[in-house]
1. Counting DSSP beta bridges with both partners in the chain, what percentage is antiparallel, nearest 5?
2. Using all C-alpha to C-alpha distances in the stretch 21-103, build P(r) with 10 Å bins and read off the rounded percent in each one.
3. For residue 246, which sequence-distant residues (separation of 5 or more, or a different chain) have an amide H within less than 5 Å of its own amide H, given hydrogens modelled in the peptide plane?
4. Write out the GluC sites (Glu not before Pro) in the stretch 202-266 meeting two conditions: DSSP loop, and at most 15 other Cβ atoms within 10 Å of their Cβ.
5. So how tilted is helix 131-142 from the main axis of the chain? Cα-based, degrees 0 to 90, rounded to 10.
6. What angle, in degrees between 0 and 90 and rounded to the nearest 10, separates the Cα long axis of helix 77-87 from the longest principal axis of the Cα atoms of the chain?
7. How far is helix 164-181 tilted, in degrees, relative to the longest principal axis of the Cα atoms in the chain, given as a value from 0 to 90 rounded to the nearest 10?
8. Give the separation of the Cα centroids, the stretch 1-51 to the stretch 189-246, in Å.
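Derivation of every value follows stated rules applied to the coordinates shown; laboratory data play no part. Keep in mind that what you see is a predicted model, and the values were worked out from it rather than measured. Every residue, glycine among them, receives a Cβ derived from its backbone with ideal geometry; neighbour counts consider all protein chains shown.
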Amino acid sequence: MNIPTFVSSLDTIINGGVPSGSSILLLGEPGAGNYEFAFTSAAKLSRAIEGIIPRELENKDINILDGIIYITLSKPASEITRQLQLTMEEDLVKDLIRKIKIIDFSSIYYAKTQIPYSWIGGTHLREREDLMTSLVSSLEKEAKGKMIILDSITDMITSKIFDDKMIFDLARGISRAIKKWDSLLYALMTADITTKENENILMDIFDGTMIFRWNTSDRFSRRKRFMFIPKFIGVLPRIEQERIERFDTDFDYKSGMVVLNTTKVK
């Protein structure tokens, strides 16, 4: 069975969603849509858990996950909640807050920096606690049958805690474990903040990569978002069958991210 993304019109194209056990790298330019994609998917899942299924998915053989785990490395949980509230309408956020569990590692992340602990909302920094061990332990305990949002690979790359090999090993390990847990992983990452070689290695490790960019062509009066999928096991053949080159996307405060149109290969 496939797991829906709940992004309007996308699931229809990819036969109800992505394969169960998929690990997905959401790679995006700042503001271009990778966070909005994850937020939309999580918010709509929270409603599906309550039995509110989008009409386009009613006759599909789909797997509705049990909940949402949001892992934040550098942002306090309160900041994630605030970000959700500023991004989507109130009722959608309320539904999501009831179903989401935010696991906050920011106090560990900043333990060996010069950032005052008062700035990140903490009172005691767990300096001797190993972030990698804590992250793996939390996933083992919480992730089975869930949607996991990892925020973010960017924080790993820009931190002294992780080196490239640690990030690659963690990505490989999580990607394998997700299949055992029958879960879904969204790993958030900002585009162009590491070498092209490292970016390609990460794209190769994860089952799928969705890339979000801004279209700044002079033909448009305003910037437009678009998404393309260069690699996705179990999904890309269907996209290629439809001859889709990219997805034109938009973000609506009330309904989240939507696919407005597709650009096909001529």
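1. On the way: 20 of 47 bridges.
Here the antiparallel bridges make up roughly 45 percent for the chain.
2. 15, 48, 32, 5, 0
3. 263
4. Values: sites: 240, 242, 245; in loops: 242.
The qualifying sites are 242.
5. Long axis of 131-142 versus the principal axis of the chain: about 50 degrees.
6. Relative to the chain, helix 77-87 is tipped by roughly 30 degrees.
7. 60
8. Each part's Cα centre sits 15 Å from the other's.
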